[in-house]
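Working notes, structure below.
The values are calculated or read from the model by the stated rules, or taken from the named source; none is laboratory data. All of these numbers come straight from a predicted model, not from anything done at the bench. Glycine also receives a Cβ, built like all others from the backbone with ideal geometry; neighbour counts cover every protein chain displayed.
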Amino acid sequence: MITIEQLKEIKDRVEQLNHYLDIDGKRIQFEEEQLRTQAPEFWNDQKVAEEQMKLVKGLEKWIKGYDEVKTQTEELDTAFEFYKEELVTEAEVDELYAHCLSSIEDLELKNMLRQEEDSMDAVLKINSGAGGTESQDWAQMLMRMYMRWAESNGYKCTISNLQDGDEAGIKTVTMELEGEFAYGYLKSENGVHRLVRVSPYNAQGKRMTSFASVFVTPLVDDTIEVYVDPARVSWDLFRSGGAGGQNVNKVETGVRLRYMYQDPDTGEEEEILVENTESRKQLENRENAMRLLKSQLYDRALQKKKAAQAKIEAGKKKIEWGSQIRSYVFDDRRVKDHRTNYQTSDVGGVMDGKIDGFIKAYLMEFGAEES
């Protein structure tokens, strides 16, 4: 049975959310922005109209989220009083408390995602590290983990480029994940992931360590202005891979975009390479490759603006021992994040996409620093 102190803590957290989220201000803004959508000429400019609707829906979600938490807290308070009169059971009060606490934590977590880019879709790229087949198999396992996570959270996941491993697994994959706060949640995955297990590819059955890197960037849309110097762009064409038979692509629809990026501060140049084989149409692959390039350029400008280059570089260390952000130790049934010290013994669940605990721990510890 919950205590009066626990009930008071719940009420205090709800009041704090009211303050942090500025719910009263959002209610006024929501009414003002909604009035603009009722203007006769509102849909004359569809692009502007869609952005306005996005703003209105965003405000409405914050207000509804808070109202639901407030209602649940009031119901918990009532149930706590009813328990004294033996009108409800202890189990019913505890169940209401658990549900209320979960809703508050979810809203507190979203409150950590205040940056403009947090609400964007995400581009997630996985590269296998040194170690041949074992690390390529690990990269594929991570790909499956993120696909399962996306599926369980209602996100759309699209593979825009995939290179198979030499014998098994994958060398690299680029995934686009579309959904509310996709980048905000997945930015916590940026870095090197380490696997320790008895390898099925080792004849002696030895315990082996493998690495794979995960890079996450916000996926820009047409509303974000990103300049691409056409003089620094070049294209290669190639045939997309297929399963054979009628599925083999007989024309060059795969595209490889090369962009010679120049750092505006140091003047140093670096080639950015983007491959796209998502569509059977070359034009669509070109358009998507350009969108992925803009996402990378936007991310670079973003990190400079936030003066957080040290954190980003930490996620781009050489893919080897000592640089990992998270370790997955199968034999010991343990997955541990080295930044937050959050860990779980549910290895199977994690590999099936249950990584919300790691995401939450990261955002609650580092989210405020980024805001």
Kindly indicate whether any position in segment 58-67 is within 24 Å of residue 298 (Cβ to Cβ), at pLDDT below 95, surrounded by 14 or more Cβ atoms within 10 Å (Cβ to Cβ) and not assigned by TED's automatic domain parsing to the domain that holds residue 361.
-> yes
Leading residue by the ranking (surrounded by the fewest Cβ atoms within 10 Å (Cβ to Cβ)) among those in segment 68-82 that are under 16 Å from residue 22 (Cα atoms) and of a type outside the set (Val, Ile, Thr) = 68
How many residues of segment 220-260 are modelled with pLDDT under 75 and in a helix (DSSP H, G or I)? The answer is 3
Any residue in segment 172-191 that is among the basic types (Lys, Arg) and either in the same structural domain as residue 8 (by TED's automatic domain parsing) or at pLDDT 95 or above (or both)?
-> no
Those helices (runs of 4 or more DSSP H) lying entirely in segment 1-98 with at least 2 residues touching a residue at least 60 places away in the same chain (Cβ under 8 Å) | 4-20, 46-84
Looking at segment 113-137, which of its residues are aliphatic (A, V, I, L, M) and modelled with pLDDT of 85 or more?
-> 113, 120, 122, 123, 124, 126
Hey, any hits in segment 45-53 for a residue that's in contact with a Leu (Cβ under 6 Å, 6 or more places away or on another chain) and either loosely packed, with under 13 Cβ neighbours inside 10 Å or within 16 Å of residue 7 (Cα to Cα) (or both)?
-> no
Counting just the residues of segment 174-198 that are over 15 Å from residue 121 (Cα atoms) and of a type in the set (D, E, K, R), which one comes out surrounded by the fewest Cβ atoms within 10 Å (Cβ to Cβ)?
-> 197
Of those in segment 137-184 that are among the aliphatic types (A, V, I, L, M) and out of contact with any strand residue (DSSP E or B) (no Cβ under 8 Å at 6 or more places or on another chain), the residue farthest from residue 209 (Cα to Cα) is 145
Identity of the residue in segment 140-173, hydroxyl-bearing (Ser, Thr, Tyr) and within 22 Å of residue 358 (Cα to Cα), that ends up surrounded by the fewest Cβ atoms within 10 Å (Cβ to Cβ) = 152
Within segment 167-209, count every residue that is over 23 Å from the mean Cα position of the chain (by Cα) and not in a loop (DSSP other than H, G, I, E, B).
-> 6
For segment 111-121, enumerate the residues that are crowded, with 19+ Cβ neighbours inside 10 Å and out of contact with any strand residue (DSSP E or B) (no Cβ under 6 Å at 6 or more places or on another chain).
-> 112, 113, 118
Using the structure shown, decide if residue 216 is surrounded by 22 or more Cβ atoms within 10 Å (Cβ to Cβ), at pLDDT below 95 and over 15 Å from residue 326 (Cα atoms).
-> yes
